[in-house]
Amino acid sequence: MYSEQAEKLTITKLFLGNANAYVVRAGNEAAIIDGGLGSWPERFSAALANSSGDSAEVRYIMVTHAHYDHVGSVRALKKAYPRALVVAHKNEAANLRAGLSPVPKGTMWFSRPISWLGCRIFRHCIHFNGFAVDVEVEDSLKSRLAGIEIEFFHTPGHTSGSLCLRVGEEAVFVGDSIFHVLPGCFYPPFADLPELLTASWQRIVATGARMIYPGHGRPISRKRFIAESGCS
Ligand SMILES: [Zn+2]
């Protein structure tokens, strides 16, 4: 776990199971991005507290997509922070409610057999604790976090309802739309609509946000992502 300061913004990355979740704190308000693999509400409450132990008010719990390794804590978080709104893309809402994580299609030599096997073992869906979505985003939705403009926006490719969140000019949280586990390799090993990924990457780059925070692997600057991915 580490924190990054940029003016009034504090970004905390939590590694939960095999995926990243994030807590963004601006003044006394906060947004949570994803819930990791497994239920870890106590890790979030620690990240939400400031140096004097006061917790920020959680305004949004944003779900980047309905895959089991990104949603594990969401039900417990919704209970812990009942005033927070769960935000997801409308295409993912039914699966999130039902607790269904469809096995995605493999895009690489090693992920295709994993996907094939996963479909047979799990009958196309892995189950998790479902929850209701309060705000279903269609294309884009703007709001504010302690005076900082934030935008939820649709980036189909990894799944049909993948959603990103831009926070001011500082950060964009991209879920599995961009992987950054291996240096210089950003293509997700699984994608239901791979033909839409390039346009979604362009949309992420077009936000101008300085840092990109992926669901797996390390954050990367927009500048480096453009140079190494060839996306502009
Ligand atoms: Zn995923």
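Here are the numbers for the structure shown:
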quantity	calculated
Residue tally, condition touching a residue at least 12 places away in the same chain (Cβ under 8 Å) and out of contact with any Phe, Trp or Tyr (no Cβ under 9 Å at 6 or more places or on another chain), over the range 103-122	4
Output for the range 18-64, where each listed residue is within 25 Å of Pro156 (Cβ to Cβ), assigned to a loop (DSSP other than H, G, I, E, B) and in contact with a Gly (Cβ under 6 Å, 6 or more places away or on another chain)	Gly35, Gly36, Leu37, Thr64
Filter result (more than 13 Å from the ligand (Cβ to nearest atom), closer than 21 Å to Ser115 by Cβ and of a type in the set (S, T, N, Q)) within the range 50-103	Asn91
Hits in the range 180-192 (condition: part of a loop (DSSP other than H, G, I, E, B) and touching a helix residue (DSSP H, G or I) at 6+ places or on another chain (Cβ under 9 Å))	Pro183, Gly184, Phe186, Tyr187, Pro188, Pro189, Ala191
Qualifying residues in the range 165-196 (those that are modelled with pLDDT of 95 or more and within 13 Å of the ligand (Cβ to nearest atom)) - the one nearest to the chain's Cα centre (by Cα)	Gly175
Residues of the range 197-221 satisfying the condition of being part of a helix (DSSP H, G or I) and more than 17 Å from the chain's Cα centre (by Cα)	Thr198, Ala199, Gln202, Ala206
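The values are calculated or read from the model by the stated rules, or taken from the named source; none is laboratory data. No experiment lies behind these values; they were computed from the predicted model shown. Because the Cβ atoms are built from the backbone with ideal geometry, glycine has one as well, and the counts that use them run over all protein chains shown.
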